[in-house]
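One structure is given here, and the rest of the page talks about it.
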Amino acid sequence: NYFLLDGATNTDPTFNTQNFSASPDAVQEFQVEIGSYSAEMGGAGGGQVNIVTRSGGRRLHATAYEFLRNGAMDAHSFNDMGGTNHLVQNNFGGSLSGPVLPGKKTFFFLNYEALRHVQADTMTMTVPTADEIGGDFSMSGVTIYDPATTVANPNYNPALPVSQQNPQFTRKPFKDNKIPTGELSQVAVTMLTKYVPRPNLMMGMGSGMTMMGQPTVVGAGNDSNNYLDVRNEVHYTDQGTVRIDRQFNASNTGFARYSAGGEHGFMPENLPGFGYLHDNLSQQGMGSYSHVFTPSLLNVATIAVSRLSMNHTTESANKNDIVDELGITGIGFGGPAAWGAPYFAVQGYSPMGDSFSATPMHSWDTLVEGRDTITWLLGRHSLKFGGVYQRFIWPMWGFFQNRGFYQFTNGFTTDIGANDGTGSALASFLLGLPAVRQRQAGIPQMNLSQWYGDGYVQDTFRLTTNTTLDYGVRYEYMSALIDRRYTNSNLTFASDGTPSVFIGGQNGMPKGLMYPNRTDFAPRLGIAQNIPSRGLVLHAAYGIFYTPVDMNTWCNQRHNVPYTFPETNQSDNFTPSINGFNFAPAVLGKTVVSFTAMETHPSPQYIQQWSASMEQSLGKSTVLEIGYLGSGGFHLQRAHLINNAQPGPGAIQPRRPFKQISFVPNSVMPPDVTV
């Protein structure tokens with residue numbers, strides 16, 4: 001979708017979402033266009049949402065309000081489990097409008113709205129018992145086997161399924177179902193002892209629940225759903241709008257507006273101590289000037305600046321260096337502002353450590369826009385043509401996976417290397433045997449810039465008194481994103497599929513890593529036929545609508561060498577090949593790194609839409625409307641990304657190994673990077 005505020009772009013290009021959300025008291029009217037709209041609209045293949053803010057009048061006018069919700073007046077939900085249903089929510093604000101001076105032609109409008117929301121979130125989780133943390137699984141309902149005693153079965157038949165009769169290998173169980181103290185990983189013991197709470201519920205009390213009341217996917221063992229977590233989520237928002245309107249004379253009017261909305265608070269995530277704090281600010285300032293040349297010729301010029309700033313940080317930031325306390329080497333980049341815990345995904349237990357939502361990051365993007373529209377009534381024609389120029393600037397840094405991600409399964413402590421109900425992922429964690437581990441050495445950061453240019457011509461032609469034809473064409477151009485400060489890399493592929501790395505802007509390769517499309521023409525056609533004698537109106541339309549990829553997908557390029565090493569180590573599920581939590585120094589040629597690539601000649605993303613409708617009058621007060629809308633998407637969202645080998649939490653993604661990766665000869669690397 002595409003959002004506008006007072007006719008100026010209010011869409012943040014990073015995620016193609018609304019930037020500033022106006023308070024209802026500040027809204028004069030809104031218009032939503034869906035399906036086969038005119039050439040004046042573009043920038044997306046979905047709906048067009050334009051919100052018009054209020055202006056002041058000749059009389060002073062004011063409003064004030066307060067909406068209150070409180071847990072003392074609410075019933076308990078099922079997810080509360082008989083605990084607290086604490087909620088305090090205040091939504092309040094007001095507006096003031098009128099003339100700047102009595103009898104003059106300048107008017108003002110002011111609006112303020114705030115939200116104060118504090119709510120207790122209840123979540124049922126699964127945590128290890130004190131005995132399990134000490135290596136004692138005698139009460140856990142599973143038998144754990146020592147991976148150090150693995151013996152291959154000489155009679156194993158790979159053509160048959162692994163079973164007790166056809167084991168791939170065999171292991172001996174730990175004596176008394178206990179891991180010897182000397183074999184316990186101090187990383188795991190320290191994490192479980194200091195940062196994971198003990199059970200506070202009877203074990204196995206039914207399905208677990210997330211903060212939003214959704215069932216969790218946890219193990220069904222003896223100690224499942226044994227911890228009740230109650231923490232407050234906090235959301236504070238403040239926003240306001242100020243608008244000044246001026247009527248210079250009968251032919252010239254203008255207005256200026258500034259809107260801003262800030263949001264900050266805290267959201268619980270995972271276990272206590274591992275939520276994240278957020279601090280976001282959206283702003284938009286704009287001015288518009290209208291000039292009537294003649295009764296049939298109108299020009300409207302608009303300039304606007306929009307900005308969205310987002311900040312995330314962890315509870316441990318600047319307070320507790322958990323990675324250093326655990327003693328893990330090769331992770332923990334970014335300094336005190338990025339302190340936190342690794343993300344440990346232990347099968348059958350609730351996630352431990354800082355989630356990816358708690359990634360320390362700061363993004364502040366700016367969109368500068370100028371647009372002009374001319375409307376010309378010429379006989380039976382209503383012509384409209386204009387253009388838009390936009391400059392997008394996007395600096396960002398984020399410590400993604402700087403603290404590491406570790407996934408543990410029960411496979412390494414099973415008896416025969418099969419999912420037969422034996423073994424424990426927690427035992428694998430205590431032994432320091434991850435199935436997958438990931439880290440990102442280095443600090444992903446960027447300072448991107450690009451520009452857009454759009455132009456259109458639209459004509460509404462009244463062929464007869466009952467027939468109207470709409471036709472027009474729109475042209476859209478989007479330059480490639482260019483990093484104004486840092487080097488970026490991408491892949492090209494030879495005819496045999498062999499990839500080669502190139503540095504943007506060197507050896508004739510595009511600085512923006514891809515070549516922009518220059519032929520994005522979007523025709524629009526519509527017809528309306530009125531049949532008064534039958535009380536019938538017929539409509540039909542067709543159009544092409546270009547929809548750009550979210551700029552956020554470009555962030556994947558900042559996870560490539562030379563500035564970062566996104567390293568992934570993966571073992572098979574039953575034979576451990578990764579030992580411990582530490583990462584070796586990142587050395588290209590010896591370290592397996594993930595690499596994200598974009599097509600250098602991406603196909604344009606667009607949607608074709610066609611529609612038909614009929615409106616039939618049924619008497620003086622009833623109208624029946626029947627319509628059909630069809631659409632087809634082409635190259636949507638898949639045109640830019642070739643390979644994104646960055647598994648998320650808990651995901652094990654198979655990938656085809658590259659035959660060879662080589663840098664383009666004579667590529668100039670930054671002086672502080674060694675490859």
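The values are calculated or read from the model by the stated rules, or taken from the named source; none is laboratory data. Keep in mind the model is a prediction, meaning the values are calculated, not measured. Reconstructed Cβ throughout: ideal geometry from the backbone, glycine too, with neighbour counts over all protein chains shown. Note: accessible area is taken over every heavy atom of the protein model, side chains too, but ligands, DNA and RNA are not part of it. Shrake-Rupley method; radii C 1.70, N 1.55, O 1.52, S 1.80 Å.
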Practice task
For residue 439, state whether it is in a strand (DSSP E or B) and either touching a Gly at 6+ places or on another chain (Cβ under 7 Å) or closer than 30 Å to residue 345 by Cβ (or both).
Solution key: yes
Practice task
Please find, within segment 556-593, the residue that is modelled with the highest pLDDT out of those that are under 25 Å from the mean Cα position of the chain (by Cα) and hydroxyl-bearing (Ser, Thr, Tyr).
Solution key: 568
Problem - Residue check for residue 527: of a type in the set (A, V, I, L, M, F, W, C), more than 26 Å from residue 326 (Cβ to Cβ), open to solvent by less than 60 Å² (accessible area, probe 1.4 Å) and in a strand (DSSP E or B) - result: no
Completion exercise
Pairs returned, first residue in segment 480-508 that is farther than 15 Å from residue 596 by Cα, second residue that is modelled with pLDDT under 90 and acidic (Asp, Glu), beta-carbon separation under 7 angstrom, 6 or more apart or interchain, are none
Problem - strands (runs of 3 or more DSSP E) contained in segment 2-84 and holding at least 1 residues open to solvent by 70 Å² or more (accessible area, probe 1.4 Å) - result: 27-33, 61-70
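Per-residue answers, yes or no, for (1) assigned to a strand (DSSP E or B); (2) in contact (Cβ under 8 Å) with a residue 60 or more places away in the chain:
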{"site": "225", "(1), (2)": "no, yes"}
{"site": "234", "(1), (2)": "yes, yes"}
{"site": "247", "(1), (2)": "yes, yes"}
{"site": "260", "(1), (2)": "yes, yes"}
{"site": "266", "(1), (2)": "yes, no"}
{"site": "274", "(1), (2)": "no, yes"}
{"site": "284", "(1), (2)": "yes, yes"}
Problem - Residue that is farthest from residue 9 (Cα to Cα), among those in segment 365-397 that are surrounded by 15 or more Cβ atoms within 10 Å (Cβ to Cβ) and free of Cβ contacts under 8 Å to residues at least 60 places away in the same chain - result: 397
Problem - Residue satisfying condition, being within 30 Å of residue 378 (Cα to Cα) and of a type in the set (Val, Ile, Thr), within set 468, 422 - result: 468
Practice task
Would you please name the residue that is farthest from residue 540 (Cα to Cα), looking only at residues in segment 602-621 that are part of a loop (DSSP other than H, G, I, E, B) and either at pLDDT 95 or above or open to solvent by less than 30 Å² (accessible area, probe 1.4 Å) (or both)?
Solution key: 602
Problem - Residue match in segment 594-601 (condition: of a type in the set (Asp, Glu), under 22 Å from the mean Cα position of the chain (by Cα) and assigned to a loop (DSSP other than H, G, I, E, B)) - result: yes
Practice task
Report, by residue number, each residue of segment 18-37 that is modelled with pLDDT under 90 and among the polar types (S, T, N, Q).
Solution key: 36
Completion exercise
Being free of Cβ contacts under 8 Å to residues at least 40 places away in the same chain and either open to solvent by 40 Å² or more (accessible area, probe 1.4 Å) or in contact with a strand residue (DSSP E or B) (Cβ under 6 Å, 6 or more places away or on another chain) (or both) narrows 354, 324 down to just 324
Completion exercise
Of the residues in segment 233-252, those that are among the small types (Gly, Ala, Ser) and open to solvent by 30 Å² or more (accessible area, probe 1.4 Å) come to 250, 251
Problem - Among residues of segment 540-568, those that are out of contact with any helix residue (DSSP H, G or I) (no Cβ under 6 Å at 6 or more places or on another chain), buried (at least 18 other Cβ atoms within 10 Å of the Cβ) and part of a strand (DSSP E or B), counted - result: 8
Fill in the blank from the handout: Quick count over segment 187-226, residues being under 30 Å from the mean Cα position of the chain (by Cα) and at pLDDT 90 or above, is 3
Exercise for the section: Considering (1) more than 26 Å from residue 126 (Cα to Cα); (2) crowded, with 17+ Cβ neighbours inside 10 Å; (3) not aliphatic (A, V, I, L, M), say which one residue 311 fails and leave the rest. Expected result: (2)
